[in-house]
Protein chains: 2
Amino acid sequence: MTAIDLAIIGFGKIARDQHRAALDASPVFHLAATVDPVNRAEGVEAFPDTDSFLRRMPNVGAVSLCTPPQIRFAVARQALLAGRHVLLEKPPGTSVSEVMALERIAREQGRTLFTAWHSQFAPGIPGAKKWLADKRITRITVTWREDVRRWHPGQDWIFAPGGAGVFDPGINAYSILTHILPIALYTTEAELEFPENRETPIAARLKMLTEEGAPADLDFDFRETGTQTWDMRIETDRGTLALSQGGATVSAGGETLAAEGALAGEYDRIYARFAKLIERCESDVDLAPFRHVADAMMLGRRTTTEAFNW
Amino acid sequence: MTAIDLAIIGFGKIARDQHRAALDASPVFHLAATVDPVNRAEGVEAFPDTDSFLRRMPNVGAVSLCTPPQIRFAVARQALLAGRHVLLEKPPGTSVSEVMALERIAREQGRTLFTAWHSQFAPGIPGAKKWLADKRITRITVTWREDVRRWHPGQDWIFAPGGAGVFDPGINAYSILTHILPIALYTTEAELEFPENRETPIAARLKMLTEEGAPADLDFDFRETGTQTWDMRIETDRGTLALSQGGATVSAGGETLAAEGALAGEYDRIYARFAKLIERCESDVDLAPFRHVADAMMLGRRTTTEAFNW
């Protein structure tokens, strides 16, 4: 297909760490501009705000939104109404309703909207999904424990309203689980630990059930200074699937399905998918991971824990 | 159309106060059974649990679920898989995800699923929707203040996880607003007051925006011992719509659209709608009100207020 000029809106950590390199390697996309009041990429056209970018670069057909989620809706809507295809970095916003509105606007505009859940593009995911497809799920255990100081140093927005707290990594677990399971899940209990000086939970223990009633226990914690763990164990009527390192390593029924030690390629595959969606004039708006966060926050039991400071 | 035998599952307050009379007056439905471990209706077949009802009355084609929301999913799924049409009293469950799963199961089974938001059936609603259809919304104010001790005496489930607290009445406001507005809304801020001894909010102040950026302010309070208020004021480019008494009274642009003083007929219209859906083999699953609650609980700022006791 022909090359597509693309702008990154919000040129912060994830844009610089992941999107930039994936775009440089992409056979389809060309990074034509960045939009950010502070940061810029050397040698690339830079705009301080979306308005001036849209006005001055009418031929840039696609944008990747990497701003904090609190301002995504207005920018995404503006870009769609200006005829651009939109990729939303995770999480896609601060409310499920706003992303549903964007989905409708994209449809009305005949443009692509893509909620890019990067964990769904980890190397072991396709194999895991395929292996589970014809199995009956009997029990699920998810352990997602990491050190917020290491992965989000000083990022206060994560503990501000709408920042999701431990669900910021937890939503990656949901995005894998809902993608690979052949059956739907729903939350029945949630215990949410809020630091006394913060607005979002730092830890959550969740109970879910599959539609058929098989139990799932999820343990999300942002205070893990020891081994960083992003593991799932999915027991079925015919063996157990074990996923670790966030989807990089997967074994099932005693066999290794993926043994890569790193998540290399996640964003390459994201951009390949975005290109395919644009080519087909389709959207891919997967709201399940986000909905599970909202459900947990709606029905959860809240406890207060010690103050968190960087 | 031919008569349809129906069972009420969960024969508590709302079933006795509203569903029973509406079914007695219905030209289509016939109350064939109640399912409840404690309560029963005189002269109507009674079962203590859903299992025995489904086994013993295979010809009862429809059920209305009026249990507390915490156990809806399993019962609704069981009824759909047994080939029954299902009406869900509000709220339809404790998680948005479970209702989406039910929607899919109903589709697979070729059965009707109906999320009955009773406030959408208040007398003034059709006129309000019609009047707003071609207007541009400029500002919205919602005031929903009632006395929980008067309307939900001793109902501790409302303050238990999943009970929604002040969003139990607040969801009625959402159900009206999302039904009559010609444009989508999303939540941007929520201040949630939790009594120090309870698990759900007793009051909420919310800020929303329409897709086009017009502001909405919502005030939900469960501690109103004075005048009980269920009011909306929707300002547009061509006049203002005022709705009060939860949709019984509506005026717009200076004209009275509905002046009824009571909500008489809400449940008659709900059952007429359910009959029509069954006749057409359609479902009506409106998740917008529930999603707004989940969004508000996800992105809200929590404060602790004085203990609540009956």
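Numbers below:
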item: Single residue of A:Ser283, A:Ser251 found to be more than 24 Å from A:Val166 (Cβ to Cβ), more than 15 Å from the chain's Cα centre (by Cα) and open to solvent by 50 Å² or more (accessible area, probe 1.4 Å); result: A:Ser283
item: Any hit, the stretch A:53-66, residues being farther than 19 Å from A:Ala116 by Cα, open to solvent by less than 10 Å² (accessible area, probe 1.4 Å) and among the aromatic types (Phe, Trp, Tyr); result: yes
item: Test: residue in the stretch A:127-137 that is basic (Lys, Arg), at pLDDT 95 or above and in contact with an Asp or Glu (Cβ under 9 Å, 6 or more places away or on another chain); result: yes
item: Condition broken by A:Tyr271, with the remaining ones in (1) in the same structural domain as A:Ala160 (by TED's automatic domain parsing); (2) out of contact with any Lys or Arg (no Cβ under 9 Å at 6 or more places or on another chain) satisfied; result: (1)
item: Number of the exception - B:Glu98 against (1) under 17 Å from B:Ile176 (Cα atoms); (2) open to solvent by less than 30 Å² (accessible area, probe 1.4 Å); result: (1)
item: Candidate set from the stretch B:108-134 (those that are assigned to a loop (DSSP other than H, G, I, E, B), out of contact with any strand residue (DSSP E or B) (no Cβ under 9 Å at 6 or more places or on another chain) and not acidic (Asp, Glu)); member that is most open to solvent (accessible area, probe 1.4 Å); result: B:Ala133
item: Complete set of residues in the stretch A:7-36 that are within 20 Å of A:Gly93 (Cβ to Cβ) and either out of contact with any Cys (no Cβ under 8 Å at 6 or more places or on another chain) or not in a loop (DSSP other than H, G, I, E, B) (or both); result: A:Ala7, A:Ile8, A:Ile9, A:Lys13, A:Ile14, A:Ala15, A:Gln18, A:His19, A:Val35, A:Asp36
item: Among (1) of a type outside the set (A, V, I, L, M); (2) within 14 Å of chain B (Cβ to nearest Cβ); (3) out of contact with any strand residue (DSSP E or B) (no Cβ under 9 Å at 6 or more places or on another chain), the one test that A:Cys281 misses; result: (2)
item: Exclusive hit being more than 13 Å from chain B (Cβ to nearest Cβ) and in contact with a helix residue (DSSP H, G or I) (Cβ under 7 Å, 6 or more places away or on another chain), set A:Ala76, A:Ala116, A:Ala133; result: A:Ala116
item: Residues satisfying the stated conditions in the stretch A:206-226, i.e. within 14 Å of another protein chain (Cβ to nearest Cβ) and surrounded by 17 or more Cβ atoms within 10 Å (Cβ to Cβ); result: A:Leu206, A:Met208, A:Leu209, A:Thr210, A:Glu211, A:Ala214, A:Ala216, A:Leu218
item: The stretch A:294-310: number of residues that are of a type in the set (A, V, I, L, M, F, W, C), touching a residue at least 24 places away in the same chain (Cβ under 8 Å) and buried (at least 23 other Cβ atoms within 10 Å of the Cβ); result: 4
item: Test set (1) without any contact (Cβ under 8 Å) to a residue 12 or more places away in the chain; (2) closer than 30 Å to B:Glu255 by Cα - B:Ile171 fails condition number; result: (1)
item: Only one of B:Ser251, B:Ser244 that is away from chain A (no Cβ under 14 Å), hydroxyl-bearing (Ser, Thr, Tyr) and over 22 Å from B:Phe222 (Cα atoms); result: B:Ser251
item: Residues within the stretch B:268-280 that are of a type outside the set (Gly, Ala, Ser) and open to solvent by 10 Å² or more (accessible area, probe 1.4 Å), tallied; result: 7
item: Selection from the stretch A:79-95 of residues that are away from every other protein chain (no Cβ under 12 Å), without any contact (Cβ under 8 Å) to a residue 60 or more places away in the chain and open to solvent by 20 Å² or more (accessible area, probe 1.4 Å); result: A:Ala82, A:Gly83
item: Which numbered condition A:Ala46 misses (of (1) within 14 Å of chain B (Cβ to nearest Cβ); (2) modelled with pLDDT of 95 or more; (3) open to solvent by 20 Å² or more (accessible area, probe 1.4 Å)); result: (1)
item: B:Ala258 at pLDDT 95 or above and crowded, with 17+ Cβ neighbours inside 10 Å; result: no
item: Answer from A:Ile183, A:Ile171, A:Ile202 - the residue that is touching a Lys or Arg at 6+ places or on another chain (Cβ under 7 Å) and within 12 Å of another protein chain (Cβ to nearest Cβ); result: A:Ile171
item: Residue among B:Thr229, B:Thr305 that is modelled with pLDDT of 95 or more and either within 14 Å of chain A (Cβ to nearest Cβ) or touching a Pro at 6+ places or on another chain (Cβ under 8 Å) (or both); result: B:Thr305
item: Given (1) of a type in the set (Val, Ile, Thr); (2) within 11 Å of chain A (Cβ to nearest Cβ); (3) assigned to a strand (DSSP E or B), number of the condition B:Ile105 does not satisfy; result: (3)
item: Residues being in contact with a Gly (Cβ under 7 Å, 6 or more places away or on another chain) and open to solvent by less than 40 Å² (accessible area, probe 1.4 Å) - total across the stretch A:1-34; result: 1
item: Failed condition for B:Gly254, given (1) on the phi < 0 side of the Ramachandran plot; (2) without any contact (Cβ under 8 Å) to a residue 40 or more places away in the chain; result: (1)
item: Hey, B:Ala258 among the small types (Gly, Ala, Ser) and either within 14 Å of another protein chain (Cβ to nearest Cβ) or under 20 Å from B:Pro91 (Cα atoms) (or both) or not; result: no
item: Pair list, Cβ under 8 Å, 6 or more apart: the stretch B:142-165 residue over 16 Å from B:Gly226 (Cα atoms), other residue in a loop (DSSP other than H, G, I, E, B) and among the hydrophobic types (A, V, I, L, M, F, W, C); result: B:Pro153/B:Trp310; B:Gly154/B:Trp310; B:Ile158/B:Ala164; B:Phe159/B:Ile202; B:Phe159/B:Phe308; B:Gly165/B:Ile202; B:Gly165/B:Phe222
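The values are calculated or read from the model by the stated rules, or taken from the named source; none is laboratory data. The structure displayed is predicted, hence computed values, not measured ones. Counting neighbours? That spans all protein chains shown, and the Cβs are built from the backbone with ideal geometry, glycine included. For accessibility, only protein heavy atoms count, side chains too; no ligands or nucleic acids. Shrake-Rupley method; radii C 1.70, N 1.55, O 1.52, S 1.80 Å.
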